[in-house]
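Here's the structure we're looking at; comments come further down.
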Amino acid sequence: MQITFADTLPTDATLIAHVVDRDSLPGTLERTLSEGAKANRFRGTPGQVSEGYVERDGKVRRVALAGAGAADADEREANLEKAGAALAGKYLCSGETALALDLSTGDLSAEQAAAVLLGLRLRAWRWDEYRTMQKDEQKKTLSTVTVVGAPDGTREAWTTAAAVAEGVEFARELVTEPANILYPESFVERCRERLEGTGVEIVVLDDAEMEKLGMGALLGVGQGSAKPSRILAMRLTGGAQGEKPVAFVGKGVTFDSGGISIKPGAGMEDMKWDMGGAAVVAGSMVALAKRGAKANVVGICGLVENMPDGNAQRPGDVVTTMSGQTVEVINTDAEGRLVLADVLHWCQKTYQPQRIVDFATLTGAMLIALGHEQAGLFSNDDALADDLLSAGRQTGDKMWRMPIGPAYDKLIDSPIADMKNVGPRVAGSITAAQFLQRFILDSTPWAHCDIAGMAWSDKPGRTWDKGATGYGVRLVDRFVRDTLES
Ligand code: BES
Ligand code: ZN
Ligand code: ZN
């Protein structure tokens, strides 16, 4: 989607859109439009669209009114995104190729105008790479948006928002790609290409280097796959020299078959997106780098494929992690925590981060607890948790804090090793978090975000079509702005 700005409406515009607040149709609209809107029961609620036709300058024009809700609503920006997204949803495959967005009838700030554009662009994203036989009416037609009457400063606000949009889209791309295309090595290459020229410094560890570092947990997960494992670290140094970075760590299981504890066949294809946490991290680095964030941040992805070949690890195996702690692998399908154990430890030893936040599609139990509305947040630090919750509220990438504590921690003690990789059936998301916490050194402020219910959606949502949502990138971007840049 190409978004440009102009001073006047293009004379040949056949599709013109206005953003309309609740119960406040612009007085300048032709009667057919305002009466038509009433007949359509259009009141300007967020995401509502009313369409009409008028003749202007001898040409029939299609005019869309997109509802943005009350002007003083708390969730004003989210509502404006919904207005933009609704336009994209309605006209993406309509046959129209260009949309003229006339903002002169509203009373928006530059940031609010950028929110409309962000919603529009994000909702228009689709991955059609592998579809060669689409019917005309399934093809994306809308490709340009010309914005007129934008408030002063909208161009600048949009430059920043567009960088964030690119990060969200990159995360979606990674999540969408199937596991025969996206595996640890090709994940690294995609990130390298996308970050080229941004100044982000990239470090990659291969199997031999991880072996030397003693990462028995991560390597144990990857050993049943023909694809070699990788750790990818992306470092942005836009902040004060010498200031410790904030680290974002992602689970990047490019396919989770379950390993020897193999998953049932139905729905197993979903496990191509078990690298959703790593996609949040990579997408966030793209967003931060491309908008020139003045912050020291490192993003680290633990990349493996969990497969069941003759060399695969077995239930009952004991592995030694880089931290020296040993783990009895009860269930090879609880692999994400094994990967993160070594990545979290390496991250702390290598970068001495001031704070660590990990993202992972870690447990099916998270879906049972919170569904597809919010991610679970686990943390050893109230201030860090509050900062994340606030970023979530502001961006719509919502999270809900879950408990951790010694009584839960006990549940993963093992009779043969320091711990086992699964607890009892109950509290499955919490015992997974407890497992990760055992790899956090000296109470470094740490938060774990279980995004199992959020990375993928079976139906269209606020600013996404069905499929990869890009959840988490905007949350990280907002968190970095609020905690490191202001
Ligand atoms: N990747 C899965 C978790 C998952 C399941 C994410 C469904 C998204 C949708 C994870 O590796 C896993 O298999 N977890 C097991 C843990 C269990 C064996 C303790 C689970 O949740 O069933
Ligand atoms: Zn698994
Ligand atoms: Zn998994």
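The values are calculated or read from the model by the stated rules, or taken from the named source; none is laboratory data. Just so it is clear, the structure is predicted and the values come from calculations on it, not from any experiment. So basically every Cβ, Gly included, is an ideal-geometry build from the backbone, and we count neighbours across all protein chains shown. Surface areas here come from the heavy atoms of the whole protein model, side chains and all, with no ligands, DNA or RNA. Shrake-Rupley method; radii C 1.70, N 1.55, O 1.52, S 1.80 Å.
For the reader, a short list of remarks on this structure follows.
- Computed over segment 3-67: relative contact order in percent, which uses C-alpha pairs under 8 Å that are six or more apart: 39 percent
- Shown here for segment 190-256: GluC sites (Glu not before Pro) in loop regions (DSSP other than H, G, I, E, B) with at most 12 other Cβ atoms within 10 Å, namely Glu196, Glu243.
- For segment 162-483, the carbon plus sulfur part of the accessible surface works out to 50%, probe radius 1.4 Å.
- Convex hull volume of segment 206-313 per residue (C-alpha atoms, cubic angstrom): 106 Å³
- Rg/Rh, computed from the Cα trace of segment 364-418 with Rh as the Kirkwood radius, has the value 1.10.
- Per residue, the accessible area of the chain comes to 41 Å², computed with a 1.4 Å probe over protein heavy atoms only.
- Residue-averaged 222 nm ellipticity for the chain, from DSSP H runs of 4+ at -39500 (n - 2.57), nearest 500: -10500 deg cm²/dmol
- Per residue, the convex hull volume that the Cα atoms of segment 97-225 enclose (Å³): 160 Å³
- Check: the chain dipole with +1 on Lys, Arg Cβ and -1 on Asp, Glu Cβ, in debye: 660 debye
- Only Cα pairs under 8 Å and 6+ residues apart enter the sum, and on that basis the relative contact order of segment 121-246 stands at 24 percent.
- Segment 178-226 and segment 1-73 have Cα centres lying 48 Å from one another.
- The distance linking segment 106-130 with segment 80-99 is 9 Å (Cα centroid to Cα centroid, whole angstrom).
- Nearest-10 value in Å² for the accessible area of Ile440, using the 1.4 Å probe: 20 Å²
- Where Rh is the Kirkwood radius over Cα pairs, Rg/Rh for segment 52-123: 1.00
- Dipole of segment 162-483, positive end: most advanced residue of Val168, His372, Thr483 [Cβ charges, Cα centre]: Thr483
- Value of Rg to Rh for segment 378-486 (Rh from inverse mean 1/r over Cα pairs, i.e. Kirkwood): 1.03
- Pairs from the table (Lys227/Lys263; Lys140/Lys294; Lys59/Lys135; Lys263/Lys410; Lys212/Lys244) lying more than 31 angstrom apart at Cα are Lys140/Lys294.
- Relative contact order (percent, whole number), segment 2-148, Cα cutoff 8 Å, 6+ residue spacing: 31 percent
- Annotation: segment 322-404 has a Kirkwood hydrodynamic radius of 14.7 angstrom, from the mean reciprocal C-alpha pair distance.
- Relative packing of 294-303, 326-335, which averages over residues the other C-beta atoms within 10 Å, highest first: 294-303, 326-335
- Once both labels are positioned 7 Å from their Cα atoms along Cα-to-Cβ, the gap between Arg425 and Arg56 label points is 6.3 nm.
- Antiparallel %, DSSP beta bridges [both residues in segment 2-148], to 5: 30 percent
- At 0.692 mPa s and 37 °C, Stokes diffusion of the chain via Kirkwood alpha-carbon radius, µm² per second: 140 µm²/s
- The C-alpha atoms of the chain define a longest principal axis, and helix 184-195 lies at about 40 degrees to it.
- Note on segment 162-483: antiparallel DSSP beta bridges, both residues inside, total approximately 45 percent of the bridges counted.
- The modelled label-to-label distance between Asp107 and Gln354, using points 7 Å beyond Cα along the C-beta direction, is 4.0 nm.
- Counting only alpha carbon atoms, the long axis of helix 154-176 and the longest principal axis of the chain meet at about 50°.
- Rounded tilt (10° steps) of 382-395 against the dominant C-alpha axis of the chain: 30 degrees
- Positive minus negative residues near Gly324 (Lys, Arg vs Asp, Glu; Cβ under 14 Å): 0
- Taking the square roots of five times each eigenvalue of the Cα gyration tensor of segment 2-148, the equivalent ellipsoid has semi-axes of 23, 19, 15 Å, listed largest first.
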